[in-house]
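Inspection log for the structure reproduced underneath, given as structure tokens.
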Amino acid sequence: MRSRINGMARAVGRYEQVPLLLALIVICVYLTIATNGLFFTTDNVTNVLRASSVELIAALGMTVAMVAGQVDLSIGSLLAVVGVASVTVYNATGSVLVTVLAGLAVGAVVGVVNGLLVTRLGINAIITTLGMMAVLRGIGYLTTNARAVQTEGDTLREIGVGYVGPVPVPVVIALGVVLLTYFLLNRTVFGRYLYAAGGNPEAARSAGLPVRRIYVVAFVVVAVAAALAGLITAGRLNSFQPTIGVGFELNVIAAVILGGTRLSGGEGTVSGTVLGVLILGVLNNGLVLLDVNTFWQEVVRGTVIILAVAIDEYRKRRRNQRFREEPPAEEVGEEEPWRAVESSTTAR
Amino acid sequence: MTSGLRPVLELRGIGKRFPGVHALDGVDFEVRPGEVHALLGENGAGKSTLIKIMAGVHSPDEGEYLVDGDPVALGSPRDAHAHGVSVVFQELSQVESLSVAENVFFGRLPRTRLGTVDRATLHREASRLLHVVGLSVDPATRLGFLSVAQRQLVEIARALSQDAKVIAMDEPTSALSHAEIETLFELIDRLTEQGVGIVYVSHKLDELFRVCDRITVLRDGRLVARTATAETTADELVRQMVGRQVESLFPRMDRTVDRTAPPLLDVTGLTSDMVRNVSFSVRAGEVVGFSGLMGSGRTELARALFGLDRTTAGQVRLGGRVVPRNSPTKAADHGLGYVPEDRKEHGLILVSTIRDNMTLAVLRRLSRGGQVDRAKERTVVSDAIRRLRIKAHSAEQKVAALSGGNQQKVTLARWLVKEDLKVLVLDEPTRGIDVNSKSEIYRLVATIAERGVAVVVMSSEMPELLSLCDRIHVLRDGRLVDEYDHADATQENLMTAALGGAR
């Protein structure tokens with residue numbers, strides 16, 4: 001009996017992503033049929049993946065921040081600022097390496113500023129980053145006089161439109177970020193700290209965790225990820241408009257939430273975010289292929305997100321009830337206190 | 001004298017159960033017109049429940065509620081007001097952003113024919129009532145600008161606006177200065193002259209002797225005694241409050257503490273918002289308890305020790321080394337551990353697993369280069385689960401799904417797995433835990449002490465302190481007022497010290 005309950009608990013934990021995965025498969029199958037196979041061609045799949053990778057990279061950073069109970073609304077503007085900055089730096093130096101380092105540094109600085117504003121001044125993350133969103137957007141316009149900046153030279157474009165074998169470079173980068181984020185969240189001390197500081201800041205403090213520092217690093221992670229997204233975007237375009245990335249943060253947050261990460265913090269997975277981004281990406285692509293009015297695309301996307309979160313909420317509630325229905329009974333007894341009990345935890 | 005009058009409010013055989021607690025059991029209570037009747041008892045004796053029943057917040061499971069001799073049924077606080085019973089709670093339910101006048105008439109604002117608020121009448125009536133309670137502020141003042149004492153008077157004015165025949169005051173002086181207390185007492189005198197009956201809930205015995213005509217003592221939800229104030233003494237009241245029996249949940253283990261050893265934890269002059277110049281020390285293997293009433297600063301002392309609350313003066317030293325101030329992280333690095341009072345709010349990450357909660361404080365030591373050594377972690381966690389006999393499906397189970405006792409074991413395990421733990425601060429270690437888990441936790445605390453850890457226990461339960469501690473300090477208003485060795489400590493002298501100034 002014990003081992004069966006044990007198995008069930010594990011299964012629920014391990015297969016939490018199954019509904020999202022099924023949804024993705026169903027959408028793909030439907031689109032393949034509805035488009036007479038046009039959806040499932042190498043070209044189109046490559047296209048979807050490349051289009052999704054910029055959002056995926058930013059979404060992974062956002063997952064880290066949201067696990068810590070924070071959120072960053074400034075990433076859309078940051079993407080634009082980093083794009084403008086990297087084109088400028090690239091034009092001046094001609095070096096991709098210097099450009100990448102400069103772009104990531106801009107992200108890191110913005111992350112530190114956001115983090116310090118939130119932790120030192122105690123302004124909440126939404127307000128702080130909403131302000132930062134406006135400030136950065138303004139900086140983007142000011143530095144360019146609201147005009148597009150042209151990339152001079154071809155090497156920067158490699159990170160946007162190049163290929164590694166048959167795989168687009170942005171997809172390769174996104175895969176790297178997926179692995180890195182997975183490692184960070186699941187294998188490192190800092191990952192555990194993120195979940196703790198997001199799940200219950202007071203408890204994390206009571207356990208002696210440096211909660212404020214954890215938050216600052218979380219803001220740096222999300223901003224650096226957004227900067228990387230900005231670099232790739234710059235690489236994809238010959239000329240970079242400072243208006244790029246308006247509303248980007250909301251699409252990213254929507255995908256992360258669709259993937260099961262909670263705004264309240266303490267919960268979230270890399271696999272969920274990957275699926276969330278892919279579902280929205282496939283949906284977008286499908287609606288284009290099916291020639292649906294662009295305005296409908298927005299409506300569909302919004303509806304999917306609300307539906308997904310509602311279903312997720314319902315499932316979590318059911319699951320919690322199930323756990324509660326099996327009260328871990330207190331065993332009353334006089335047995336020696338320090339001797340082993342045939343505990344379920346030792347059964348593998 | 002009011003003894004001949006018929007009670008204006010009478011409660012007969014009141015019983016009230018909450019899940020797991022028999023809060024009140026057959027309690028009688030009455031208030032006569034013009035009388036001040038005190039309600040006294042330890043934390044958890046049932047005073048608050050009784051007051052809430054008077055106010056119509058709770059409805060009793062058993063018993064009768066009579067006003068002027070007629071039984072009435074209350075469904076809500078509104079019904080209580082309608083029958084002339086008002087309660088001024090400790091935590092005032094007022095709206096800071098509204099004016100004083102609006103607060104006095106909140107929910108019953110006078111209207112004009114158009115349905116808008118009749119400001120002229122509102123302010124005129126409010127002025128009149130404020131004058132009665134002796135509060136000289138403009139009724140249009142925003143309530144948020146008033147002091148706690150002034151807000152209490154506003155609340156009393158509100159009671160008067162509803163033609164209160166009985167006003168119950170829950171710890172009315174807890175936040176008042178000496179002069180403000182005098183003002184309140186004068187008001188009480190004036191109200192009783194007009195025939196209003198007052199229910200006065202307080203821990204401060206000297207106040208009871210000053211203003212009250214009769215005193216009712218509750219203990220464990222039962223009525224213990226009712227006497228005229230003139231016929232009782234402070235000592236007798238204390239005895240009645242604590243009772244005679246010391247329930248021995250857990251036979252005290254006799255530890256051998258080396259009394260000549262230098263202290264492991266040495267606290268000097270610690271001062272924060274709620275803690276005033278507290279000094280004490282604890283030796284390795286010693287369990288030192290802190291007793292005191294609600295609001296005496298127990299929790300705040302624990303938080304100040306661990307660096308969670310800002311301290312403005314004083315020093316915490318651990319084995320001679322000074323622990324840097326105001327940093328829980330550094331406190332933990334120096335070997336301190338802390339288990340907060342409210343494990344769900346402040347102790348556990350409920351959405352996380354048993355494993356994640358348990359290893360939080362030692363994670364860095366279970367890792368190499370920032371990467372968690374999961375095999376090592378697994379060993380530590382399953383060992384702790386086995387040793388503490390935590391009932392769970394697996395280490396991956398969310399702590400939210402555990403019982404209270406098992407949750408508390410998980411928070412204790414967080415520090416037990418720390419090999420170089422030197423000091424453990426426990427705040428209400430067995431609150432809301434069933435009796436069996438309680439004695440297991442007592443046994444655990446004893447084991448921790450045997451390991452050479454200096455243990456500090458904050459508790460509102462005196463039997464708990466008596467069975468756990470080698471020494472017990474008593475806190476009052478954030479200060480240490482007394483210290484007892486285990487051999488000399490009794491519930492009576494702890495309570496007397498906690499009440500203070502009661503002779």
| said: I need a count of the residues in segment B:73-92 that are at negative phi, surrounded by 12 or more Cβ atoms within 10 Å (Cβ to Cβ) and assigned to a loop (DSSP other than H, G, I, E, B). | reply: 6
| query | Take the residues of segment B:307-324 that are touching a Lys or Arg at 6+ places or on another chain (Cβ under 9 Å) and part of a loop (DSSP other than H, G, I, E, B): which is nearest to the other protein chains (Cβ to nearest Cβ)? | reply | B:308
| query | What residue, of B:150, B:162, is within 21 Å of residue B:92 (Cα to Cα) and without any contact (Cβ under 8 Å) to a residue 24 or more places away in the chain? | reply | B:150
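Let's see how each residue does on (1) assigned to a helix (DSSP H, G or I); (2) surrounded by fewer than 14 Cβ atoms within 10 Å (Cβ to Cβ); (3) modelled with pLDDT of 90 or more:
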residue: B:28; (1), (2), (3): no, no, yes
residue: B:48; (1), (2), (3): yes, no, no
residue: B:94; (1), (2), (3): no, no, no
residue: B:109; (1), (2), (3): no, no, no
residue: B:139; (1), (2), (3): no, no, yes
| task | Scan segment B:285-295 and give yes if some residue there is of a type in the set (D, E, K, R), part of a loop (DSSP other than H, G, I, E, B) and buried (at least 21 other Cβ atoms within 10 Å of the Cβ), otherwise no. | result | yes
| remark: residue B:444 vs (1) aliphatic (A, V, I, L, M); (2) under 12 Å from residue B:337 (Cβ atoms); (3) within 12 Å of chain A (Cβ to nearest Cβ): all pass except (2)
| query | Among B:222, B:214, B:239, B:210, which is the only one that is in contact with a strand residue (DSSP E or B) (Cβ under 7 Å, 6 or more places away or on another chain) and surrounded by fewer than 21 Cβ atoms within 10 Å (Cβ to Cβ)? | reply | B:222
| Residues of segment A:180-220 satisfying the condition of being away from every other protein chain (no Cβ under 14 Å) and within 30 Å of residue A:46 (Cβ to Cβ) | A:181
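Rundown of residues vs (1) touching a helix residue (DSSP H, G or I) at 6+ places or on another chain (Cβ under 7 Å); (2) of a type in the set (Phe, Trp, Tyr), yes/no style:
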| position | (1), (2) |
| --- | --- |
| B:36 | yes, no |
| B:70 | no, no |
| B:76 | no, no |
| B:85 | yes, no |
| B:89 | no, yes |
| B:109 | yes, no |
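Results for (1) crowded, with 22+ Cβ neighbours inside 10 Å; (2) under 18 Å from residue B:444 (Cβ atoms); (3) polar (S, T, N, Q), shown as yes or no for each residue.
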position	(1), (2), (3)
B:357	yes, yes, yes
B:400	no, no, no
B:415	yes, yes, no
B:429	yes, yes, no
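Yes or no, residue by residue, for (1) touching a His at 6+ places or on another chain (Cβ under 9 Å); (2) modelled with pLDDT of 85 or more:
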site: B:31; (1), (2): yes, yes
site: B:39; (1), (2): no, yes
site: B:52; (1), (2): yes, yes
site: B:64; (1), (2): no, yes
site: B:69; (1), (2): no, yes
site: B:76; (1), (2): no, yes
site: B:80; (1), (2): no, yes
site: B:90; (1), (2): no, no
site: B:97; (1), (2): no, yes
| request: Taking residue B:327 as the residue in question, decide whether it is facing chain A (nearest Cβ under 8 Å), under 29 Å from residue B:380 (Cα atoms) and not charged (D, E, K, R). | output: no
| query | So which residues in segment B:249-273 are at pLDDT 90 or above and touching a Leu at 6+ places or on another chain (Cβ under 9 Å), if there are any at all? | reply | B:264, B:265, B:266, B:267, B:270, B:272
| query | Only one residue in B:465, B:416 is within 13 Å of chain A (Cβ to nearest Cβ), under 28 Å from the mean Cα position of the chain (by Cα) and not charged (D, E, K, R), so which one is that? | reply | B:416
| query | Got a sec? Which of A:80, A:125 is closer than 24 Å to residue A:236 by Cα and either among the aliphatic types (A, V, I, L, M) or under 19 Å from the mean Cα position of the chain (by Cα) (or both)? | reply | A:80
| request: Could you look through segment A:294-328, keep only residues that are more than 22 Å from residue A:28 (Cβ to Cβ) and at pLDDT 75 or above, and pick out the one that is farthest from the other protein chains (Cβ to nearest Cβ)? | output: A:295
| Looking at segment B:184-200, which of the residues that are over 17 Å from residue B:31 (Cβ atoms) and within 26 Å of the chain's Cα centre (by Cα) is surrounded by the fewest Cβ atoms within 10 Å (Cβ to Cβ)? | B:185
| query | Counting only residues that are more than 14 Å from chain B (Cβ to nearest Cβ) and surrounded by 16 or more Cβ atoms within 10 Å (Cβ to Cβ), which one in segment A:1-20 is modelled with the highest pLDDT? | reply | A:20
| query | Counting just the residues of segment A:261-272 that are assigned to a loop (DSSP other than H, G, I, E, B) and under 10 Å from the mean Cα position of the chain (by Cα), which one comes out surrounded by the most Cβ atoms within 10 Å (Cβ to Cβ)? | reply | A:261
| field | Members of segment B:355-387 found to be out of contact with any Leu (no Cβ under 9 Å at 6 or more places or on another chain), more than 7 Å from every other protein chain (Cβ to nearest Cβ) and either over 24 Å from residue A:183 (Cβ atoms) or part of a strand (DSSP E or B) (or both), listed by number | value | B:368, B:383
| task | Consider only pairs whose beta carbons are under 8 Å apart and that are at least six residues apart or on different chains; among these, list those whose first residue lies in segment B:260-279 and is of a type in the set (Phe, Trp, Tyr) and whose second residue is assigned to a strand (DSSP E or B) and surrounded by fewer than 13 Cβ atoms within 10 Å (Cβ to Cβ). | result | none
| request: Of the numbered conditions (1) out of contact with any Asp or Glu (no Cβ under 7 Å at 6 or more places or on another chain); (2) surrounded by 15 or more Cβ atoms within 10 Å (Cβ to Cβ); (3) more than 10 Å from chain A (Cβ to nearest Cβ), residue B:335 fails exactly one; give the number of that condition. | output: (1)
| note | Pairing a residue in segment B:190-219 that is more than 13 Å from residue B:35 (Cβ to Cβ) with any residue that is of a type in the set (Val, Ile, Thr) and surrounded by fewer than 21 Cβ atoms within 10 Å (Cβ to Cβ), where Cβ atoms lie under 7 Å and the two sit 6 or more apart in sequence or on different chains, gives B:202/B:173; B:204/B:173; B:207/B:173; B:208/B:229; B:209/B:229; B:217/B:224; B:218/B:224
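The values are calculated or read from the model by the stated rules, or taken from the named source; none is laboratory data. Predicted, not measured: the structure shown is a model, and the values here were computed from it. Neighbour counts run over all protein chains shown; Cβ positions are idealised from the backbone, glycine included.
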